[in-house]
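**Q** Questions regarding the structure given below will be posed in turn.
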Amino acid sequence: MFNLNKFCLILAAICLAAGEDYQLVWSDEFDGTSLDLNKWQYEVNCDGGGNNELQCYTNSSTNLKIQDGNLIITAVPQQYRNKQYTSSRINTANTAAWKYGRFEMNAKLPKGIYLWPAFWMMPRDSVYGSWADSGEVSLLCSKISAPSTEYSLGWNDQHESNLHFGGQWPKNTHIGTGSVTAPFDLSADYHVYSLLWTPTRMQFAIDDQVHWNVSLDQSFNNPNGQSFPYTQNGQPFDQYFYFVLNLAVGGNFFGSNASSLTSAQASAWTAPSLLVDYIRVYQLNSVVSSPTPGPQTPTASPSECAAMYSSLLCRTTSQNSSLLSDSALDNALGYVCAYYPQYCSDILNGNYYSSCNKAQRVSYAMNQYYSVQGPSASACYFSGLGQLNNSFSSTSAPPATTTSSLCSSMFASLQCRTYTEDPSQISPDAVYGAYGYICSSFPQFCSGTNDGETYGTCNIAERTSYAMNQYFGVYGPDPNSCSFGGIGVVTVSTTSSASTSTSASVQPTPSTSVALADASTCSSMYNSLQCHTASQDPSNLNMDSVYGALGWLCGAYPQYCTEIQSGAFYSSCNAAQQASYAINGYYLTYGPSADSCSFGGIGYLNVPTSSVVSTSTVSNPNPTTTTSSLCSSMFASLQCRTYTEDPSQISPDAVYGAYGYICSSFPQFCSGTNDGETYGTCNIAERTSYAMNQYFATYGPDPNSCSFGGIGVVVAAPTSSTTLVTSSSLSSDGEVYTSTSVSTSTPITSSSTFNTVAPTTSIVSTSTVTTSSTTRPSTTSTTSASLLTSSSSRSSSSSSISRSSTSASRSSTFSSTSRSNTSTSRTTVVTTTPATTSSCIDVQQTKTASWREGNRQVFQYEVTVKNSASVSVEILLMAPSAQSDKIRQIWNLEQNGTKSSQSHWLLPQWQHGINPHSSFTFGYISLDSSVSFVSSPFTQCLALPPSPPSSSVCGLYTNQTLISSWYQGSTKIVQYEVKLTNEGTVSRQPYFTTVDESKILSIWGLTDVGVNSWSLPDYNKKIDGKSTYTWGYIASADQILFSVNKSKSNC
């Protein structure tokens, strides 16, 4: 049947294009063999896209390839980092963006439950603020949700188009088509998805059949959210937008089913690939021929952008945008450019640094902000995105740039190097981990790769390779000394030219003169060790961590690897068994502390610590030993330290991460804690505390300088037998620091408790020392420190450092424009308000600034929420709605509705909860003098009591007590103690079964005897009558139930 409507729409589109003279200005026909990186860039992350998506985005050819004239993005069910699925996402953020035109994609959509293909556009410049202030245009979103709704016509037929705008989240809003049912299967054939965008309208169509028209001649402010970022109709859709193309798995798009995908459903996907034939952009000839508005000035080259980044005092943690959270970059850029537009003048479209990538542009803006708001490190924090470049010297010249050919020649000449020179082909965790480890432990091997040095601007793979080769030159020629978690290879040059040499991996030749251990012998060896990996099956372990431990040990302590090297007796064992052999050798020398077996969490003790005796036959290469009392005394004397001296009570990632960061960036602060030095054999919590305190003595007294991800606390010294020793030193920035150290004549045990700093006053000007107590003071603390600055005073309720400075004004370390703000009158006054306490939760606010805008007074606050409990806590905050409505901007907090005149607020999705003895900081700008945030009474703070005893089997029953819980990323981790009671009179040899062993991350006091099967350990197989036995475990589940196996227990 002739379709008159369709004919008219097609005819209208043709006439429109012909009459208005559109011409092709950009396209990708995908006719090559690989993705054109001059047009696209990969986004590599596991962030969930801000939508709780279930995949990691990779740059692997498994997930994205060019084949038969198509771009093919495929979702794959596979474990990658912390996710169960992988896919790809690409964008043109740094290469192409457009304002107005016709945009087309000819594509064939995937078919599979919970797959989410999307073709959308994001603003190149966050002119109106962070998402969604500056807008988002979704040309296409398609979904298959659940078996009951996915096949309304028996195929994949649901699609949407949307516009997002109106305010920064959560005050944003959106309009769209909702789920539209197409009259054909979108996965059966190719269809053209298009957007016609003019200054007055947007028109969305499939195969030229228009399904949505939007007028841009209207205001897109969001009065319901009391958000008014726009001054003219059509804003924010009057700026340049770039393409984003991806295939997601699951997520908020599917509502309550966001995380409902099962492995069985994923394995049934029939067509899990998005196929794109072409993407094209047409614009009016008048638009194309018109010059781009803006000053006709040259823009910076990539090397000039890199040099600018290197010269900044405050900058992002990396200048590679793909290694950073895109939403965090947008938030930082939107905030600075919205409230301090003068700091962004050089990075806006057409200006000199507008050509730099997003991380470099954000760094420029952050540095401008810091140069005025600093010198406190918190002014560079930006929710963890920023860091201070402490290697910068105000008198140093900008770093010399390094040519690409010089870096490539250096890489080609190395004997030990990464398996590829392209960092995008290596796990960021692995390559940055290797570089950080070497530069931390052997800084001399990184000399030449630091900012301003010969190879300082080479990419991370090249710089890491340089450092690895230096390490290998000392600890080689064993290839294990070049492994570094599997990223390193030993090569031999096959040509005489270093710059063009090719290489071949050196394969160790196994010796046949020594009998090798068989599988049974390897297993027996593993089971006999006091310290070994959590499993001897490599498939159950994070092998990046295992290879990292193996590479480090065999490089630094080759004597522990003699029996596992190529041709040696245990060289035939698998990697988990070999790593266990090596870490056990180390543990026998440096034990019996369980910390000496941890290796970042991969190592576990096979026997209780109390029964381990250090009887290693290997001589200790470090003659200096440290007594436990000396370490404890040192720990007790510190002003800044970890919240506990017991490393088993701290996340290994957090404590090793803090120690590695300090020793890498400030090696002088770790002097005294290295092997062979005074505190070299203290446990990791004590050594990290020593280094943290050195850092804090220089960069304090702001408590943020002691936080280190929430593991650090500032404490007041004890009163018993203390001696105060005062000394002065000159800091790197020329300021004189007068420090007061505390010497304690009586060693303080690790169970001593101290006050955590809780400033409760506004301006403090004296410096004294106070005594400690085990309860938080309710009145103003008598301990204080003064910081004399030109325009602000900052308080601290506990400090052993008095800083005197004739001037705290700091000039910008990198600025091409003078900065002044004549539009507002700003007064920076740091004041604090008393903490509001709800059970274990303290909420304390600090007013960091206030200023006038016209006749309105505006206030900026920083709020710290601290959890003093031993378990993680998911926080619900409340504030009066009348006050909440006056918040103009808030970061790191999400509104969750209103009830009984109280607005409810949650921590953001990526935070989930606050770990034990940790704190979380958010901030806001308000038209009210203060917003009274308090913790909800529903916040549960305490560890749960023991669970009711299990039903008695053979006279045996168990009960469990939650000891602690914390978050690792988005996963909640719990630690339980299990008490087994034999209420009978005869001894028993019990066996236990569990439902899901894979959820158990660590267990002690039980032996794994098969899948989901456990027994008491060999040294204590039976439990006597009328007695108890205790074991413990750490798991990624709420609780693991251990049931007595009646048949195997012979009862």
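**Q** How many percent of the alpha carbon pairs in the range 24-285 exceed a separation of 27 Å?
**A** Above the 27 Å cut-off, the range 24-285 has 36 percent of its Cα pairs.
**Q** Can you put 539, 321, 61, 950 in order of Cβ neighbours within 10 angstrom, beginning with the fewest?
**A** 539, 61, 950, 321
**Q** Check each of the GluC sites (Glu not before Pro) in the range 970-1017 and keep only those in coil by DSSP with at most 14 other C-beta atoms within 10 angstrom; list them in order.
**A** 983
**Q** Name all residues of the range 160-203 having a backbone nitrogen under 18 Å from the label point set 7 Å from the Cα of residue 24 along its Cα→Cβ direction, giving them as ranges.
**A** 191-195
**Q** Fewest Cβ neighbours within 10 Å first, please rank 304, 29 accordingly.
**A** Listed from fewest to most nearby Cβ atoms, that is 29, 304.
**Q** Cα-based Rg (one decimal) and Dmax (whole number) for the range 836-904, in Å?
**A** 14.2, 48
**Q** Mind giving me the FRET efficiency for residue 1026 and residue 1047? R0 is 25 Å, r the Cβ-Cβ distance, nearest 0.05 is fine.
**A** 0.55
**Q** OK, next. Skipping prolines and chain starts, which residues have an amide H placed within reach, meaning under 5 Å, of the one on residue 923, given they are 5 or more residues away or on another chain?
**A** Correct list: 863, 891.
**Q** How much length would be gained if the chain were fully extended between residue 927 and residue 646, taking 0.36 nm per residue of separation minus their Cα-Cα distance, in nm to one decimal?
**A** Length difference between fully extended and current span is 96.7 nm.
**Q** Note down the net charge around residue 999, summing +1 for each Lys or Arg and -1 for each Asp or Glu among other residues with Cβ under 12 Å from its Cβ.
**A** -2
**Q** Would you work out the charge dipole size for the range 956-1044 about its Cα centre, treating the Cβ of every Lys and Arg as +1 and the Cβ of every Asp and Glu as -1, and quote it to the nearest 20 debye?
**A** Using only the charged Cβ atoms, the result is roughly 160 debye.
**Q** Distance cut-off 31 Å, Cα to Cα: go down the list 39/999; 65/171; 83/899; 866/999 and report the pairs above it.
**A** Where the Cα-Cα span goes over 31 Å, the pairs concerned are 39/999; 65/171; 83/899.
**Q** Still on this model: For the range 894-934 and the range 237-253, what is the separation of their Cα centres, given in Å?
**A** 28 Å
**Q** List every residue whose amide H lies under 5 Å from the amide H of residue 201, counting only residues 5 or more places away in sequence or on a different chain, with H placed 1.01 Å from N in the peptide plane.
**A** Close amide H contacts, sequence-distant or interchain: 216.
**Q** What is the order of 1009, 871, fewest Cβ neighbours within 10 Å to most?
**A** By the 10 Å Cβ count, ascending: 1009, 871.
No value in this document is a laboratory result; all are computed from the given coordinates. In this text, all values refer to a predicted model and were calculated from it rather than measured experimentally. Here Cβ is always computed from backbone atoms with ideal geometry, including for glycine, and neighbour counts include all displayed protein chains.
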